[in-house]
Amino acid sequence: MADWILVPCLVSLRTEFNRLAPDRGKASDGALGDASHAASPSDHNPDETGRTPYEDSDRVNEVHAIDVDKDLRKPGWTMARCVGVIVKRHREGRDDRLQNVIYQRRIWSRTWGWTARAYTGANPHTGHAHFSARYTAAQERDTSPWGLLEEDDVTKSEFIAWMTEWARSTAGREALARAVLTYDPGKDASGKVLPGGIVNPGPDAASNPTVGAAWALNRAIVASLVGHQIRDRVDQVQAGVEALLRGGPTPPPVGAQVTARSALDAIGSGALTAEETAEALRSALGADRAAQVGRLLGG
Ligand SMILES: [Ca+2]
Ligand SMILES: [Ca+2]
Ligand SMILES: [Zn+2]
């Protein structure tokens, strides 16, 4: 038997079915005609060596038809829906690669403007759909999409379920972290400040009004840690101050290692800005006692 190829447009149609429905049944799939096809003109016969309804001018031995099993095993999809999508696109002039489609005792043809007619051939086409391609070179080689995947709408709940599954996966978590740490809405490529950037809370806000997401995230983490440190120190200072105000030659130790004096030293050591220290003392001790502590620190 001579070598043959399936015209590229139908290869792409079969591939699109496979992508739409990866688990589909293929028992009734076919391209090359069997002996019964060979006896009479059929688009399943190779056009240079077999009997075909049309002829073309090239010398490539091409098959111009595929059968696709109707068992798609894909929720929301039936072969009737697929046929509907493909026929509609042809009827609306958005596709012109097919000559006819046969399914469930009906035939749609380019010849009749893609209206449905009864198909009375021996095989009622209830187990598979038949797609015949035209014999024109431009259409044969056109492998652009057929509209099935485009129609494969994802429901909102499916989308959320998939995104959640992805976000919990190692790859999803890594991608999300990477996106946060590289996305910078603060400025465009030329350094111009973009609207909607994250407001810069820092002292350079006048010259740099917005900051990138990575910087903001970093500051949020640092602020959280500093917050803990401030609260710890305030607790130490408060205990130390109370001890000092009670009088006595040697203040008792605060915590396991920290004395009141060392706590005061720590808070005045420059690890915190003056504003941070003042605010921390005010919120922890109230204004009056904060002033007392301030005098102690100053002395
Ligand atoms: Ca040919
Ligand atoms: Ca050809
Ligand atoms: Zn067929």
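Quick notes
- Residues satisfying the stated conditions in the range 7-60, i.e. β-branched (Val, Ile, Thr) and in a loop (DSSP other than H, G, I, E, B): Val7, Thr49, Thr52, Val60
- Here the condition is being closer than 17 Å to Leu6 by Cβ, touching a strand residue (DSSP E or B) at 6+ places or on another chain (Cβ under 9 Å), acidic (Asp, Glu) and surrounded by 21 or more Cβ atoms within 10 Å (Cβ to Cβ); of Asp56, Asp69, Asp43, it holds for Asp43 alone.
- Some residue of the range 206-213 being modelled with pLDDT of 70 or more and part of a helix (DSSP H, G or I): no
- Selection of the range 39-89 for residues being closer than 16 Å to Asn100 by Cα and aliphatic (A, V, I, L, M) yields Val63, Ala65, Ile66, Val68, Met79, Ala80, Val83, Val85, Ile86, Val87.
- Scanning the range 56-114 for residues that are within 15 Å of Trp146 (Cα to Cα), away from ligand 2 (no atom under 16 Å from the Cβ) and among the acidic types (Asp, Glu) yields Glu92, Asp95.
So that you can scan it fast, the table gives a plain yes or no per residue for (1) on the phi > 0 side of the Ramachandran plot; (2) over 33 Å from the mean Cα position of the chain (by Cα); (3) more than 16 Å from ligand 1 (Cβ to nearest atom); (4) not hydrophobic (A, V, I, L, M, F, W, C):
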position: Arg19; (1), (2), (3), (4): no, no, yes, yes
position: Pro22; (1), (2), (3), (4): no, no, yes, yes
position: Ala27; (1), (2), (3), (4): no, yes, yes, no
position: Ala31; (1), (2), (3), (4): no, yes, no, no
position: His44; (1), (2), (3), (4): no, yes, no, yes
position: Arg51; (1), (2), (3), (4): no, yes, no, yes
position: Asp58; (1), (2), (3), (4): no, yes, no, yes
position: Lys74; (1), (2), (3), (4): no, no, yes, yes
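- A count restricted to the range 61-108 and to residues that are in contact with a Pro (Cβ under 9 Å, 6 or more places away or on another chain), more than 14 Å from Leu20 (Cβ to Cβ) and more than 16 Å from ligand 3 (Cβ to nearest atom) stands at 1.
- Those strands (runs of 3 or more DSSP E) lying entirely in the range 74-150 with at least 2 residues modelled with pLDDT of 95 or more, more than 29 Å from Asp58 (Cβ to Cβ) and not charged (D, E, K, R): 116-118
- Listed by first and then second residue, the pairs linking a residue in the range 30-59 that is free of Cβ contacts under 8 Å to residues at least 12 places away in the same chain and among the polar types (S, T, N, Q) to a residue that is more than 14 Å from ligand 3 (Cβ to nearest atom) and assigned to a loop (DSSP other than H, G, I, E, B), with Cβ atoms under 7 Å apart and 6 or more places separating them unless they lie on different chains, are Ser40/Arg51.
- So Trp166, is it surrounded by 13 or more Cβ atoms within 10 Å (Cβ to Cβ), away from ligand 2 (no atom under 16 Å from the Cβ), outside the structural domain of Cys9 (by TED's automatic domain parsing) and modelled with pLDDT under 95: yes
The values are calculated or read from the model by the stated rules, or taken from the named source; none is laboratory data. From a predicted model like this one, the values you see are computed outputs, not experimental measurements. We place every Cβ from the backbone using ideal geometry, glycine too, and count neighbours over all the protein chains shown.
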